[in-house]
Amino acid sequence: MSSLFRTKSVEQSIAETEEPEHRLKKNLGLLDLVIFGVGVIIGAGIFVVTGTVAKTNAGPAITISFVIAGLACALAALCYAEFASTVPVAGSAYTFSYATFGELIAWIIGWDLVLEFTIGSAALATSFSGYFQEVFEGTFLEVPSSLGSAAEGVVDLPAVVISLLMMTVLIVGIKLSSRINQVVVAIKLLVVGAVIVFGISHIDTDNYSPFIPESRPAPEGSGGFMDQTLISWMLGIDPAVYGIAGVIAGASIVFFAFIGFDIVATTAEETLNPQRDVPRGILISLVVVTVLYMAVSLVVTGMQKYSDIDENDAAPLATAFDAVGMEWMGRLIAIGACIGLIVVVMILMLGQTRVGFAMARDGLLPRGLAKVHPKFGTPYIFTAITGVAVAVISGFVDLATLVNLVSIGTLFAFVLVSVGVVVLRRKRPDLPRSFRTPAVTLVAGLSVLLCVYLMLNLTGGTWVRFLVWMAIGLVVYFTYGRTHSRLARAEQAERAETPRV
């Protein structure tokens, strides 16, 4: 049992980053990190989830849902910031868990992050495809219906192409990825800014009344375990929408819009001054995006009555402007979303490759996957595998039922990081920390409580799928990782050298 909780010291983790065959190039500064954070967070969440949650859960109070989700992220971000400045190594929550909880928990969180980043990349590649087809409908780039959807056709070709293209960019080098990201993020911020500036003048304050719609029973057919929130099932409460419960349930859903700020932590090993810049990059990007989300949600629900929003609409921001006669603005939003989602796919894939790279370097996955390209200094083998996997999933699988898996996986990672920062403070108070989480026990405790509560507000079906994925991960660990990890091989070598009496 002790082998399941063997830890890898912070010093050992940092030393392994200097091994020639596993050394990543350090190219990133503070601006790169902030742009990465803003680039990945502003994606399908702000362009799609806003309208859906306003219609089905929270009404105009979706703004409060964003505040709750942002608060959960902010508390976790403070814990991430301390970890990333203390352990500036690729792998994010996986690496942090290895240093505090031990190998088994590290594997579990690493496997969890594989789910978050891979499914998230595929889901957003599919979202990109939808906007791409909307923008180019009627032109020579129009995609035939048989090649535009995994659900209704043979394959989602635009999703496959964008996945493979982003894979190539990531292999060529992270600095190129950063440059492309900067250009695209600038476009996205201009579009979001235009939504706020032009939308304010078309707000009808009557649309805000009531700001928190009165609670009402959920639609028929949503009362089974798989469809209702876990907490309502546990407490025997009939499913309901709107009201305070609807606002909180909405926060669990719009949490999807915040995923990605932890990507900044995965790039710590490639940052020139990680102790200083990673904490700043995480916190600045999160503050910027939270303010933008609140502003956009107020504009959308002010321009169009929440009850008039089509919950199946893939472009609620564009539709809101269409409703007030500004079709040109709707077109601009669609183009901005199409361009912006390219970067989100790329950065989520970046996060997956760095976590997988760290796990392979530790031997929990085959070590050959951790080879770094001799010219580009990137983990090209794992990047290629990730790109192909995302292309296959996004091209051939309907991901509608899997989106919530991204949220539950992220929240689970936040819980472990929040607990871990307190554990490491007590186990290794001697470690240099350029950033220290203020009131760490209080902040970490609140983070855990809020994240767990948001997890309980996800559906039973989401929990079942999540637990099945975790069970598969445990099988992989006990059949391979447990005996092939670096720490396991070191223990085996030590026993072999110990003379028998």
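The values are calculated or read from the model by the stated rules, or taken from the named source; none is laboratory data. The model shown is predicted, which means the values in this text are computed figures rather than measured ones. As a convention, Cβ positions derive from the backbone with ideal geometry for all residues, glycine included, and neighbour counts pool all protein chains shown.
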> If you check S407, S434, which single one turns out to be small (G, A, S) and part of a helix (DSSP H, G or I)?
Replying inline: S407
> Which of the residues that make up the range 159-180 are at pLDDT 80 or above, of a type in the set (S, T, N, Q) and within 19 Å of the chain's Cα centre (by Cα)?
Replying inline: S163
> Can you tell me which of G224, G260, G302, G246 is crowded, with 19+ Cβ neighbours inside 10 Å, modelled with pLDDT under 80 and of a type in the set (G, A, S)?
Replying inline: G260
>> Quick check on the range 227-242: of everything there that is at pLDDT 70 or above and in contact with a helix residue (DSSP H, G or I) (Cβ under 7 Å, 6 or more places away or on another chain), which residue is surrounded by the fewest Cβ atoms within 10 Å (Cβ to Cβ)?
In response: D227
> Residues A106, A77: which one is in contact with a Lys or Arg (Cβ under 9 Å, 6 or more places away or on another chain), of a type outside the set (S, T, Y) and buried (at least 24 other Cβ atoms within 10 Å of the Cβ)?
Replying inline: A106
> On the given criteria, is R331 outside any loop (DSSP other than H, G, I, E, B), within 20 Å of I46 (Cβ to Cβ) and not acidic (D, E)?
Replying inline: yes
>> From the list T319, T290, exactly one residue is more than 24 Å from the chain's Cα centre (by Cα), farther than 30 Å from A490 by Cα and not in a loop (DSSP other than H, G, I, E, B). Which is it?
In response: T319
> Which of the residues that make up the range 434-472 are within 29 Å of V87 (Cα to Cα), surrounded by 15 or more Cβ atoms within 10 Å (Cβ to Cβ) and of a type in the set (G, A, S)?
Replying inline: S434, A444, G445, S447
> Which of the residues spanning the range 352-379 are crowded, with 21+ Cβ neighbours inside 10 Å and of a type outside the set (A, V, I, L, M)?
Replying inline: Q352, T353, R354, G356, F357, R361, D362, T378, P379
> So which of V195, V155, V191, V183 is modelled with pLDDT of 75 or more and under 25 Å from V388 (Cα atoms)?
Replying inline: V155
> Is it true that L487 is surrounded by fewer than 22 Cβ atoms within 10 Å (Cβ to Cβ), assigned to a helix (DSSP H, G or I) and free of Cβ contacts under 8 Å to residues at least 12 places away in the same chain?
Replying inline: no
